[in-house]
Amino acid sequence: MLRYSLKRLLSLAISLVIASLVIFLVIEVAPGDPASFMLGINAQEDTLNALREELGLNQSKLERYLSWTFGMLQGDFGTSYTYRTPVADMVQDRLWVSLPLAIYALALSTLIAFPAGIYAASRRGGLGDVSIMGATQLGVAIPNFWFAMMLVLVFAINLRWFSAGGFPGWEDGLFTGLKALTLPAIALALPQAAILARVMRSSLLDILNEDFIRTARAKGLTPQQALWRHALRNALIPVLTIIGLQFSFLLAGSIIIEQVFYLPGLGRLVFQSISQRDLIVVESVVMLLVFAVILVNFIVDLAYAWVDPRLRSRT
């Protein structure tokens with residue numbers, strides 16, 4: 001297991017280096033000058049040059065890349081061009097919204113999908129299976145931004161159980177913070193739960209057709225006992241893949257939901273920074289999100305090896 005983990009760590013490090021190069025090059029070749037954006041089109045050239053000097057924009061791309069990467073390794077993400085505050089502080093403030101939202105949504109998605117997928121697989125072809133698969137098809141088809149607006153209309157405007165948007169902050173208490181994130185988490189979770197339930201059902205049905213399940217049944221196990229004792233653990237590998245991808249998506253891809261609910265999260269920060277040509281913020285936040293995605297994949301790989309020890313012997 002140690003050898004397997006070390007190989008995965010090496011792969012993680014190489015992926016991060018490649019990702020940092022791609023992110024830096026793609027963002028740097030984007031049109032627009034941050035200094036011109038900040039000072040306006042009528043700014044004098046000497047004023048623009050002074051600002052570029054202050055922001056470090058007059059350095060070569062290699063120098064800027066090395067300064068950016070070595071700074072990140074030391075926890076220094078640079079200073080925002082627009083707000084003139086450390087990017088690390090901005091990211092930390094926004095992360096305390098996006099990370100709990102992603103965890104909340106993933107927890108809801110898993111709590112819904114696991115029972116639904118298991119129940120559908122155990123009732124294959126029955127009314128329960130057909131009903132759940134129909135519901136999941138609907139969940140996949142409905143856009144989450146439309147679903148988010150319907151949640152606001154019903155539960156915030158009509159029933160007034162929740163606020164329509166904004167985030168009061170964790171200093172007002174855990175319950176208040178979670179309540180503010182509940183509607184966004186539901187809007188993110190239900191489409192993901194639909195996907196996860198379908199994968200769980202499909203994986204379980206494949207395992208239930210294997211020879212070792214028929215052998216277990218021949219030894220006297222009931223269908224439910226064979227499912228819970230033998231099939232479920234073996235069906236988790238593709239499910240773990242989807243859970244890892246979903247967490248990455250929920251953390252990095254919730255820009256639209258954050259806009260709908262006016263949440264001060266990482267997605268909204270990236271959107272605002274792109275419109276303001278605040279390159280250092282965009283680069284740092286995107287790199288942080290890529291690191292989160294790669295780290296989650298690394299954890300999922302370790303979970304694979306724990307679920308199926310045969311994977312360790314293949315490396």
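Numerical summary
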quantity	calculated
Magnitude of the charge dipole, segment 90-265, Cβ model with Lys/Arg +1 and Asp/Glu -1, debye to 20	680 debye
Kirkwood Rh (inverse of mean 1/r, distinct Cα pairs), the chain, angstrom	22.4 Å
Gain in span if fully extended, Leu240 to Ala156, counting 0.36 nm per residue against the direct Cα distance	26.8 nm
Spatially proximal aspartates and glutamates relative to Lys179 (Cα-Cα < 14 Å; intrachain offsets below 8 disregarded)	Glu171
Top of Thr82, Thr182, Thr47 by mean-square fluctuation, Gaussian network on the chain, Cα under 10 Å	Thr47
In degrees, nearest ten, helix 127-141 long axis to first principal axis of the chain (Cα)	10 degrees
Isotropic mean projected area of the C-alpha convex hull, segment 90-265 (nm²)	11.4 nm²
Alpha-carbon centroid distance for the pair segment 270-286 / segment 122-172, whole angstrom	30 Å
Sulfur and carbon atoms: percent of accessible area, the chain [1.4 Å]	66 percent
Probe 1.4 Å, accessible area per residue of the chain, Å²	53 Å²
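The values are calculated or read from the model by the stated rules, or taken from the named source; none is laboratory data. As the structure is a prediction and not an experimental result, all values here were calculated from the model. Using ideal geometry, Cβ is built from the backbone for each residue, glycine included, and neighbour counts are taken over all protein chains shown. With ligands, DNA and RNA removed, areas are computed over all heavy atoms of the protein, side chains included. Shrake-Rupley method; radii C 1.70, N 1.55, O 1.52, S 1.80 Å.
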